[in-house]
Structures are given as C-alpha cells and as structure tokens.
Amino acid sequence: MKQYYAVFDTNVLVSALLSRNTASPTVALLDHTLDRTIIPIYNEEILNEYNEVLHRAKFSFATERIAAVIAAIRSGIAADRTPASWNFPDEEDIVFYEVALSVDEAYLITGNIRHFPSVSKVVTPAEMLRIISKR
C-alpha cells in the first residue's frame, strides 16, 4: 500500500467534522488517515491551533470527536519547520507550509489554496483524493 505524507490545514478538519456527507473529500481524507494511506505531519503549534479552533463554541463538536481526530493526527510524524521565503497573506498559515516543507514528498491539504504558494505540494482535498486514486 502506497502511503502519502500530509499536513492538514485546520479548515480541512473543520470541514470534515461539519460534513454530513460521508463521501465528501474532507471526510474521505480523514478515513485515509485512519487506514494509514495518509500519514499526518504536525508540530505542537499546529496541534495547538487544531485544539483551539475545534473547541470553539460555534462548532459544538463533541470533545470525543475532537480527541479522536487529534489522536489520528498524533499517530503521524512530528516535524520541525523549514523556513519558507514567501509573503503569506495570513501569518498563521506559515507553520502549515513550513512543516510540509520539512518532509520530502509531503503535501499541504487546504481549502484555502490562495493563501499559499502555487506549488504542487499545496493541494485541495479533492486534488489529494485524485493523487491517492492514481496509485
């Protein structure tokens, strides 16, 4: 089984948890994380953002669901940041890109593709599913 390495932008996790469609790309990507097709990459800054955002009252996500998602992410690879030289519209996005840079052949999966450099490493959830389906 081919495995893929990926950093999940927080918006992908929010979308997956909000979705009622089990076939949505974001839900499918979480399933691929659970079956180890996708090996998540993270650092503590990213985990802290996941925790903060997913616990926001406006989402009303069950604590157990949040814990399960974060445990799935933690089952991956902790990585350092590799400095990037690009002007990010949102400074909080830098960590996701820099952690993705730190692992060869890793992807950054995001719903906000315009916030990142236009490189093959940065993909939407649907694009990541197409990459996996080509295996």
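The values are calculated or read from the model by the stated rules, or taken from the named source; none is laboratory data. Worth saying up front: this structure is predicted, and the values here are computed from it rather than measured. Ideal geometry is used to build each Cβ from the backbone, glycine not excepted, and the neighbour counts take in all protein chains shown. Each accessible area value is taken on the protein alone, full model and side chains, heavy atoms only, with ligands, DNA and RNA left out. Shrake-Rupley method; radii C 1.70, N 1.55, O 1.52, S 1.80 Å.
Looking at the stretch 103-119, which of the residues that are of a type outside the set (V, I, T) and closer than 20 Å to K2 by Cα is most open to solvent (accessible area, probe 1.4 Å)?
Narrowing the stretch 103-119 to residues of a type outside the set (V, I, T): 104-108, 111-112, 114-118.
In the following step, the residues that additionally are closer than 20 Å to K2 by Cα were identified as 104-108.
Numbers: D104: 130, E105: 151, A106: 4, Y107: 48, L108: 0 Å².
Applying the filter and picking the extreme gives E105.
For A71, are the conditions met, namely being open to solvent by 20 Å² or more (accessible area, probe 1.4 Å), at pLDDT below 95, out of contact with any Cys (no Cβ under 9 Å at 6 or more places or on another chain) and more than 23 Å from F116 (Cβ to Cβ)? Quick ask: steps written out before the conclusion?
Details: open to solvent by 20 Å² or more (accessible area, probe 1.4 Å): yes; at pLDDT below 95: no; out of contact with any Cys (no Cβ under 9 Å at 6 or more places or on another chain): yes; more than 23 Å from F116 (Cβ to Cβ): yes.
No; evaluated as a whole, the condition is false for this residue.
Go through (1) at pLDDT 95 or above; (2) in contact with a helix residue (DSSP H, G or I) (Cβ under 7 Å, 6 or more places away or on another chain); (3) over 24 Å from K134 (Cα atoms) and name the single condition D93 misses.
Tallying (1) at pLDDT 95 or above; (2) in contact with a helix residue (DSSP H, G or I) (Cβ under 7 Å, 6 or more places away or on another chain); (3) over 24 Å from K134 (Cα atoms), D93 fails exactly one: (1).
Quick test for you: out of V7, V27, pick the one residue that is open to solvent by less than 50 Å² (accessible area, probe 1.4 Å), of a type outside the set (F, W, Y) and in a helix (DSSP H, G or I). First the steps, then the outcome.
Values: V7 fails: in a helix (DSSP H, G or I).
Testing whether each residue is open to solvent by less than 50 Å² (accessible area, probe 1.4 Å), of a type outside the set (F, W, Y) and in a helix (DSSP H, G or I) leaves just V27.
Would you confirm whether any residue within the stretch 99-116 is among the basic types (K, R), in contact with a helix residue (DSSP H, G or I) (Cβ under 9 Å, 6 or more places away or on another chain) and on the phi < 0 side of the Ramachandran plot?
no
For the stretch 33-49, which positions are of a type outside the set (A, V, I, L, M, F, W, C) and surrounded by 19 or more Cβ atoms within 10 Å (Cβ to Cβ)? Please lay out each step first, then the result.
So the first thing to find is which residues in the stretch 33-49 are of a type outside the set (A, V, I, L, M, F, W, C), and the list is 33, 35-37, 40, 42-45, 48-49.
Listed by number, the residues that qualify are T33, P40, Y42.
Please list, ordered by first then second residue, the pairs with beta carbon atoms under 6 Å, 6 or more apart or interchain, first in the stretch 97-108 and closer than 13 Å to A84 by Cα and among the small types (G, A, S), second buried (at least 21 other Cβ atoms within 10 Å of the Cβ) and modelled with pLDDT of 95 or more.
Listed pairs, sorted by first residue: A100/V7; A100/L108.
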